[in-house]
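J.: Have a look at this one before I ask anything.
The values are calculated or read from the model by the stated rules, or taken from the named source; none is laboratory data. This is a predicted model, so every value here is computed, not measured. Don't worry about glycine lacking a Cβ; one is built from the backbone with ideal geometry, like all the others, and counts go over all protein chains shown.
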Amino acid sequence: MTRAFNLQNGRKACYFDCQRQFLSQDHPYRRNKKVFTKNRVERKVAHLSFTGEQIRDWVEEFSPGVEVQLSLPLGYGCEHKCIKKNIFWELKPD
């Protein structure tokens, strides 16, 4: 669930004040009700952050599932690289 809200006159999504969750629990900005979103104390805890090595290991273990064989036209890669037939090829002179 996102904590975005729409601006009153612009009707655009705003993500203001989502950064306070990354502060430590005893940080004074978490309790400040006047400077940030009015009358709101931040109690949400930030999600866990991962190291680059953890992400790399996770991606290496990921299997993409079923591989799909592409059916390429005859001669692709040897004689030509064209895979789309141009519509002008089908035009006939009057």
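Here's the yes/no breakdown for (1) in a loop (DSSP other than H, G, I, E, B); (2) touching a helix residue (DSSP H, G or I) at 6+ places or on another chain (Cβ under 7 Å); (3) at positive phi; (4) in contact (Cβ under 8 Å) with a residue 60 or more places away in the chain:
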| residue | (1), (2), (3), (4) |
| --- | --- |
| Asp17 | yes, no, yes, no |
| Ser24 | yes, no, no, no |
| Arg30 | no, yes, no, no |
| Val35 | yes, no, no, no |
| Arg40 | yes, no, no, no |
| Ile55 | no, no, no, no |
| Trp58 | no, no, no, no |
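J.: So, Ser49, is that one within 21 Å of the chain's Cα centre (by Cα), exposed (fewer than 10 other Cβ atoms within 10 Å of the Cβ), at pLDDT below 80 and not hydrophobic (A, V, I, L, M, F, W, C) or not? Explain how you work it out, then say what you get.
T.: On the way: within 21 Å of the chain's Cα centre (by Cα): yes; exposed (fewer than 10 other Cβ atoms within 10 Å of the Cβ): yes; at pLDDT below 80: no; not hydrophobic (A, V, I, L, M, F, W, C): yes.
So Ser49 fails the test.
J.: Out of everything in the range 6-28 that is at pLDDT below 80 and hydrophobic (A, V, I, L, M, F, W, C), what residue ends up being nearest to Lys44 (Cα to Cα)?
T.: Cys18
J.: Being out of contact with any Phe, Trp or Tyr (no Cβ under 6 Å at 6 or more places or on another chain), modelled with pLDDT of 80 or more and basic (Lys, Arg) narrows it down to one residue among Lys81, Lys38, Lys34; which is it? Lay out the reasoning, then the answer.
T.: On the way: Lys81 fails: modelled with pLDDT of 80 or more; Lys38 fails: modelled with pLDDT of 80 or more.
Result: Lys34 is the single residue among Lys81, Lys38, Lys34 that is out of contact with any Phe, Trp or Tyr (no Cβ under 6 Å at 6 or more places or on another chain), modelled with pLDDT of 80 or more and basic (Lys, Arg).
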